[in-house]
Each structure stands twice: as structure tokens, then as C-alpha cells.
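I have placed the structure first, in the form of C-alpha cells, so that the comments after it can refer back to it.
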């Protein structure tokens, strides 16, 4: 473990700004490219599925760095690791700008992802150290600014830069900000160094390789599963089996190996275990709605990418304000009660989304999103603070990496499930709705005759009949898809209520305020 050397004490809020900026850049880079994906595909003459790899490779490469964060902190210290991470992320951005083809861009995104992987757990670990224990709620509120606000702001910023300049500006803008981040970290983050007397543990190559294989297979399956009809394709089944085996092997190996790459035993702490589960669920809510709401407004209401990003931006502003405010409120309200209130608000907001229809105004989409992002920080801040409250400070780096890894896995699965749910459940609704397109239905006959008469004014009767039938079938597909959105939002609202009892399994540790 690293120890902080004798350096002048810096205001913890200045330290927070220094580590939050690179964390913001790392997380925004994961969602900012979502909106410019068609532009990237067009620029390189690639298909949509090929361009998807630009997004998934960043997630994979960042995820595989999470388990090794604790080991690297013990080897070189938090500050030096933050330096290397920022520089590698910056180099990755530069390579993305210069990439001559899609394969080069994917390789550059892997470099960028490797640089981003350690930044978020490092940010969390530094905040937990520089803030006193009685202000951990404030520290986690500030951490939430990076963890929750930046993925929400990413699509808006990416869409604005792409529409007004080019998709390369999504990467160009990061370079000067990386330079500023490096300067802030150098000046204000407390220096730390590994203990010289302590013998360095061997690096767990087998454990690390197993989690890398598991993460890579999982991401490929989740990314390509819907395209290849999931388990109807043999190689999807093989990769799924390898993924499950690798995860199980990693868990058993890390428990038994003398020098594990990441300390799985921190899950023995009840607060950390249940807090991580609850935090992962909040990520599921945040990222699922971040995917589903833009999907709804673009596919059902015909919004452009810029307009879609604009509907999501108010939730980013509210989330930013909420994270700062809730950090202070958490000092006066019991954490479990505050988190339960947040989950109820989230459930109500998602339930409001089931009221959307094909004629919904922007207000009816923005208001539930604003309410959702009042609930997210209200639940996220106290849960995250409780997750680390009963852990010793020496376990913070390992715990932060494992916390981020677990959330990364659960969020990836939930995001893929949400998209698949819409595709598959809409087909189920089609099976039920198609019975209404029958000549035995008087309403169908009325609508068909009305459309025929209108189209017959523009062409022959045969063509008019085909167009009328086609329009009614298109309406059926829209209604089936709309019903599938209702189902997934209702399911998420139900999960908000189901998770509340888990909160009360968390222990409250009373901390004496420093005089």
C-alpha cells in the first residue's frame, strides 16, 4: 500500500477539482462517441456494426484495467499512476484524430481506454483519503459529479461538436483539458510513494488474464448477440461459456491465490457487498434510460441526434446540482432513508415515461428525466458513502477498483438487455395486435376504406389498396414498439421498489465529528 508523504496540506475541494476533471474526461469519452457513430461509419465507409466496435473496444480496454488498479497503486502510488493514465488517455485522443482507417481508430480507442481505466477508481480513492470521515457524503457527492454527470453530458457535447464542427473534435477537445488535468494533479494532489520496507507482492498473471478473457468475451457477446440472434449462433454460445467459466475461475483463483490481483475478500464486508449491488442498480437505471429515451425520441418521434441530446441535457444539469446538494444533505439525514427516498423518486419518474406516446411534446420527455436525476444523486451519494464506511483505509484502492468493475459488468449486461428487450418484446406485441388487422374487424374495415379513398385520389385503386394496407401495418409496428417501451419502463420502476429492502441491510457507523 502507498503512504502519503509529508506535503503541505491542500484544501480537499481543490484536490477534488484536480482529480474530478480527468475522471470527467474519461467517462464523457465513453458516451460522447455514441451520437457521432454514424458520422464515423460514413467517414471510413464502414457499416454501423463495424463502427460499434469503436465504442465497445473503449469499454473493454477500460474495464480490464480496473482489476489491476490496486496492484499499480501499491507499486508506484496514486499520483504517479494518475500521471501515466492522463498521458496515455491524451496520446489515445491524438491517435484517434490521426487515424487513417477504422482499424487504426479502434487501436487508438484501445489506447485511450487503457488510459481511462484507472482514472475513476483513483479519483474515488483520493477523495476518500483527503476528506475527513464525517465528510464522506460530501466526497461521494463530488465523485458522483464525475460518475453520473459526465456520461449524461457526453452525448450533448458530442452531438454539438459533431454537428457544428466534425466528429474529430470529440477527441481534439480532450487534449488541452488533459494538459490542464496533468498540471492540476501535479500541483495539488498529495504525493504518495510505495512503502520501501514492504516486500512487493508478485503480480497475479493468471488471475488477470482470466478476467481479461471474461470481460472481452462478455462485451463481444453483448455487442453482437442481437445482430446474430443470440444463442442460435454457435460461436455466441462458445463465447458465453468461456465468459462464464473465466469469471468463475477468476473468483475462485482470487480467493485461493496468495497474492491476488484484486482482493475479492472485501466483499466479506456487508456494507461493501450490498452497497455495490445497490450502486450497480442505480447505474442500470441511469444507463438504461440514457439508451432508451434517445432511442424512443429518435425512432418514434423522429428527433434528430442534436434534438435528442438536447432532451437529455437538462437531466445532466439537475444531476450536477443534485450531487453537490445531496452531499451536504447527507450529513443531516440518515443515509438509508435518504437513499430510499431517492429510489422512490426514480421509480415514479420512470413510471411517468410510460405515459409517452407518438404525439408527446418535449416537455413530457424532459420532466420525467429531470425527476429521475433528482432521485439518482439522492440515492447514489448515501449508498456510495455507506459502501466504503466500514472498510479500512488500506482497502480503499482495491475496493474502489472492484466496485467500478462490478458496476461495469452489471451496467453492460443491463444496457444490452434493454435494447434486446425492445426488439424482442415488440415482436410479442405484434403477435397480439395483428389480430386487429382482420377483415372481421369493423374498425379495420373503416380505416382501410378511408385510406383507400384518400390514396385513390393519387393513383390506381390497386396501388391505393396496397398503400392503405401498408400504412396500417406500419402503424401496428409503431404501436407494438411503443408498448415494448412501456413494458421496459414499468419493469425498471418495479425494480426501484424491489431494491429498497436491500438498503436496510447496510449498517450505519456513527462517526464522531472532529472538534
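The values are calculated or read from the model by the stated rules, or taken from the named source; none is laboratory data. Fair warning: this is a prediction, and the values are worked out from it, not measured in the lab. Backbone-built Cβ (ideal geometry, glycine too); neighbour counts: all protein chains shown.
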Failed item in (1) crowded, with 23+ Cβ neighbours inside 10 Å; (2) in contact with a strand residue (DSSP E or B) (Cβ under 7 Å, 6 or more places away or on another chain), with residue 67 passing the rest: (2)
Residue within region 164-184 that is modelled with pLDDT of 80 or more and more than 24 Å from residue 31 (Cα to Cα) present: yes
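Residue by residue, here is whether (1) in a loop (DSSP other than H, G, I, E, B); (2) at pLDDT below 85; (3) under 22 Å from residue 165 (Cα atoms); (4) more than 20 Å from the chain's Cα centre (by Cα) holds:
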position: 33; (1), (2), (3), (4): no, yes, yes, no
position: 42; (1), (2), (3), (4): no, yes, yes, yes
position: 51; (1), (2), (3), (4): no, yes, yes, no
position: 55; (1), (2), (3), (4): no, yes, yes, no
position: 65; (1), (2), (3), (4): yes, yes, no, no
position: 81; (1), (2), (3), (4): no, no, no, yes
position: 86; (1), (2), (3), (4): no, no, no, yes
position: 91; (1), (2), (3), (4): no, no, yes, yes
Matching residues, region 330-367, being without any contact (Cβ under 8 Å) to a residue 24 or more places away in the chain and part of a helix (DSSP H, G or I): 337, 352, 355, 363, 364, 367
Positions within region 220-262 being in contact with a helix residue (DSSP H, G or I) (Cβ under 6 Å, 6 or more places away or on another chain), in a helix (DSSP H, G or I) and more than 30 Å from residue 422 (Cβ to Cβ), in sequence order: 249, 250, 253, 254, 255
Residues of region 267-281 that turn out to be over 23 Å from the mean Cα position of the chain (by Cα), in a helix (DSSP H, G or I) and surrounded by 16 or more Cβ atoms within 10 Å (Cβ to Cβ), as a count: 0
Residue count for region 225-241, restricted to those that are under 19 Å from residue 210 (Cα atoms) and touching a residue at least 12 places away in the same chain (Cβ under 8 Å): 3
